[in-house]
Every structure is written in C-alpha cells, then in structure tokens.
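A short worksheet on the structure shown next.
Derivation of every value follows stated rules applied to the coordinates shown; laboratory data play no part. No experiment lies behind these values; they were computed from the predicted model shown. Neighbour counts run over all protein chains shown; Cβ positions are idealised from the backbone, glycine included.
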Amino acid sequence: MIDDIYDKLHKWMYKAMHYYRYEATPYDHLDMFFEEYQFSSGDRLVDFGCGRGWVALYIHNRFQIPVKGVEVDRETYEQALKNRAVYLENHKHISAPVHFHYGAAEDYKVEPEENRFYFFNPFSVHVFKKVTSNILESVMEHRRSVDIILYYPTPEYERFLKNKTPFRLVKQVSIPETGDEYDKFLVYRY
C-alpha cells in the first residue's frame, strides 16, 4: 500500500517537474511558417506534447499526410480524441490517418516511416534529450532524413541540438509582429 502511494507520488512529481502546461500554437503563426516550409506526400508527422491535437489536425487538413500526436496528460489526451472525432466527421475525404497516443514522450517508440517531429516546448530539456535520442536510434535502424520542428524554442533545446546531436539548423521563420525573439520556428535536419 505504501509502495503504491510512493509510486503515484513519484510519477506525479516527475510529470510536474518535466512536463509543461498545455498551450496552443496560434494558427496564424502556423500559416506564416507553412508559407516557407512544406511537407511532401511521403512525410509522416509526430507532434510530441500534442495537447488537444490542434496542430496535428491543422497539418493533416493542410497537407493531407499521416499525423500522430503524443500526449501524457489523460484529460488532454481524451479531449484530443474528441476533437479528432469531430474533425474526421467533417474531413472524410482525406484518407491519411490521424492518431493520438497516450503516454510519456520519452517512452514513445518512433516508427520507421516517421520523419517530421513537432515540439512546442512540451517538456523539459531532460525529456527532450531522451525523445531526440529515440528519434536518432530509429534513424540508425532505418536510415532517412528527419526534421525536428521547434516552435518557440528554449535556449536549452537549441544548445542541445547544436552541440550534442548531428542535427543542423536549416530554417528559421520568425514571427515579426510579436516583437518576441523566441516567437519563431526552427527546423533542424538530420
């Protein structure tokens, strides 16, 4: 009994320390980004920390590619499932699949066909390092080019990618009207 309570407390503390609150990416910022960055029909997107699923659904609708969202918060995940159901009712003409996965990002097994990964500061750099390691492990097993897309990147994420990984910055799209230096998209490629 005490062990169960300790386990639950430990998991709650880990989640509270490493996973950040939900915040949606503004659609107008996505519009600006996708004026300069495109997905091809062969791309497969994973949105880590997908929240209620809006970015995944936006990309699915705009590019008609398979998308998957990964979310650790049960209530938020269930909202994503509801949003997906409503969305699919109105977008039956798009054959590409949309899935949401419940669980911790660092436990997600990257599929061999997944090659685009989206992050809007969903968790600490500690978790980001584990997720990036999982992406690279998948790439070593199944060689392919992959992009990591960061929206509103933290300096810790940027330093880690620049100094500790083979990923290289290939695109930056700033959102000029906000006046916020962090309000930008960065694309890192391997």
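Key figures for this structure:
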item	result
Contour excess over end-to-end distance, with Cα ends at Arg144 and Asn90 and 0.36 nm allotted per residue	16.1 nm
Charged-residue dipole, Cβ positions (Lys, Arg, Asp, Glu), the chain about Cα centre, Debye nearest 20	440 debye
Compactness of region 72-145 - radius of gyration and Dmax, Cα, Å	14.5, 40
Kirkwood Rh and Cα Rg combined as Rg over Rh, evaluated for the chain	0.97
Order of Asp43, Asp28 under a 10 Å beta carbon neighbour criterion, fewest first	Asp28, Asp43
Mean separation of Cα contacts under 8 Å (6+ apart) over length of region 2-189, as relative contact order %	20 percent
Under Karplus coefficients 6.51, -1.76 and 1.60, residue-wise ³J(HN,Hα) of region 90-104 in Hz, glycine/proline x	9, 9, 5, 6, 8, 7, 5, x, 10, 10, 10, 10, 8, x, 6
Cut-off under 5 Å, modelled amide H: who pairs with Asp47 long-range	Lys68, Gly69, Val70, Tyr118
